[in-house]
1. Give the residues of the stretch 138-154 that are surrounded by fewer than 23 Cβ atoms within 10 Å (Cβ to Cβ) and either in contact (Cβ under 8 Å) with a residue 60 or more places away in the chain or not assigned by TED's automatic domain parsing to the domain that holds residue 221 (or both), sorted by residue number.
2. Please determine, by comparing only the residues of the stretch 62-88 that are free of Cβ contacts under 8 Å to residues at least 60 places away in the same chain and farther than 26 Å from residue 180 by Cβ, which one is surrounded by the most Cβ atoms within 10 Å (Cβ to Cβ).
3. Out of the residues in the stretch 71-84 that are over 13 Å from residue 119 (Cα atoms) and more than 15 Å from the chain's Cα centre (by Cα), which is modelled with the highest pLDDT?
4. Of the residues 422, 345, only one is in contact (Cβ under 8 Å) with a residue 24 or more places away in the chain, crowded, with 16+ Cβ neighbours inside 10 Å, part of a loop (DSSP other than H, G, I, E, B) and touching a helix residue (DSSP H, G or I) at 6+ places or on another chain (Cβ under 8 Å); which?
5. Of the residues in the stretch 31-45, how many are part of a loop (DSSP other than H, G, I, E, B) and either out of contact with any strand residue (DSSP E or B) (no Cβ under 8 Å at 6 or more places or on another chain) or closer than 13 Å to residue 6 by Cα (or both)?
6. Report yes if some residue within the stretch 386-397 is outside the structural domain of residue 27 (by TED's automatic domain parsing), more than 23 Å from residue 246 (Cα to Cα) and surrounded by fewer than 19 Cβ atoms within 10 Å (Cβ to Cβ); otherwise report no.
7. Quickly run through the stretch 372-385 and pick out the residues that are surrounded by 19 or more Cβ atoms within 10 Å (Cβ to Cβ) and assigned to a strand (DSSP E or B).
8. When residues of the stretch 164-190 are filtered for being in a loop (DSSP other than H, G, I, E, B) and farther than 15 Å from residue 347 by Cα, how many remain?
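The values are calculated or read from the model by the stated rules, or taken from the named source; none is laboratory data. Just so it is clear, the model here is predicted, and its values are computed rather than measured. Quick reminder, even Gly has a Cβ in these numbers, built from the backbone with ideal geometry, and neighbours come from all protein chains shown.
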């Protein structure tokens, strides 16, 4: 029986573990908190849990890697390169769902020489977005067409029946990750012009996105879209934009959160301070905190943004938890408390691509849309759509069906075709529509 080492036991690990166990592999789940790993392997015949800290347990990482046939890191992205280097040393294939960092890409030559595959970006976003986009891009190119425009938006959101708070959002991944993403600069190509949006202006640059059968959402640019012109081999395109989807009202609210300094990572003394006290400090006025925050934000006190701040608890005389040293982490604690899914509630993943394809004799608008729901009291859509692509790819590697070496993402037909086919059998699929223009 071949052995898989799963590093991490977080929100998306369970479907990965169960898929591989069900397909006859032994999975060792290595987690800092062993009890978390033990909970995830309940019902698995071929799994074991072990206490492991990636930051300190170097010898154990070497031992676990040496005794495995494949390593998957579902840890925070900052630890992937460390785990990949050890996998490379022991000539074991390595998979993760995170973006390829410069440090990861730097391992490409060494991995090729060692005959080892380091597969990254094999989740949902990045992951299914790449695979489903490349399926259409390759088809257009192979039939004599060119991609004149490509936009893609993805969001993890509460299903409509669970969308019952003023933020229109609930946590299906790390709240700190959600908030840190709101600080990122973004760059993209639109109508032949390169555009750069600085982090503080990110939420000013949202646009309405119509999703067939679902209504209107807000979309805003996600980090560096420009590099994907080459990655997707669409150098002919005049528009290239990858973005994030949220429910309406999110961007206006997060813009004001950023404007008053709540996304700051600057360390400052917050011990003994309340949330109302923090808000007063940030806007320089504590007499009527709601009115002062509204003035600082340039909005009326009756604005829905102020109501959302109120609902979240930002105006309460409630102590900021001990040990928090920056405004972003203070806000993160409220997100963690208030934006959770209740038992039985469903999340959903919405993904929507739009292409303008040009042929010698015609033009086509092609859309490709996925709406996937979590299972009530079961796996979330986020966990399934992140974990199952990398689980399927891991099985394909172990079966010898993927023979690539070096650092890769799933943009090659050898990977994306069988992964998308198997996901479709699990009802995780995108619906295409083609319109002649």
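1. Residues of the stretch 138-154 that are surrounded by fewer than 23 Cβ atoms within 10 Å (Cβ to Cβ), as a first pass: 138-146, 148-149, 151.
Hits for the stretch 138-154 are 138, 140, 141, 143, 144, 145, 146, 148, 149, 151.
2. Ranking the qualifying residues of the stretch 62-88, first place goes to 87.
3. Step one: of the stretch 71-84, the residues over 13 Å from residue 119 (Cα atoms) are 75-79, 82.
Applying the additional criterion that residues be more than 15 Å from the chain's Cα centre (by Cα) yields 79, 82.
Details: 79: 94, 82: 97.
So, considering only residues that are over 13 Å from residue 119 (Cα atoms) and more than 15 Å from the chain's Cα centre (by Cα), the one modelled with the highest pLDDT is 82.
4. On the way: 422 fails: part of a loop (DSSP other than H, G, I, E, B).
Criteria check complete, one pass: 345.
5. Let us first name the residues in the stretch 31-45 that are part of a loop (DSSP other than H, G, I, E, B), namely 32-33, 41-45.
Then drop every residue that is not either out of contact with any strand residue (DSSP E or B) (no Cβ under 8 Å at 6 or more places or on another chain) or closer than 13 Å to residue 6 by Cα (or both), which leaves 32, 41-43, 45.
Qualifying residue count for the region: 5.
6. Taking every residue of the stretch 386-397 in turn, at least one turns out to be outside the structural domain of residue 27 (by TED's automatic domain parsing), more than 23 Å from residue 246 (Cα to Cα) and surrounded by fewer than 19 Cβ atoms within 10 Å (Cβ to Cβ).
7. Looking only at the stretch 372-385, we keep the residues that are surrounded by 19 or more Cβ atoms within 10 Å (Cβ to Cβ), and these are 372, 374, 380-385.
Listed by number, the list holds a single entry, 372.
8. As a first pass, look at the stretch 164-190 and keep what is in a loop (DSSP other than H, G, I, E, B): 164-174, 182-185.
Within this subset, residues satisfying the condition of being farther than 15 Å from residue 347 by Cα are 166, 182-185.
Residues in the stretch 164-190 being in a loop (DSSP other than H, G, I, E, B) and farther than 15 Å from residue 347 by Cα: 5 in total.
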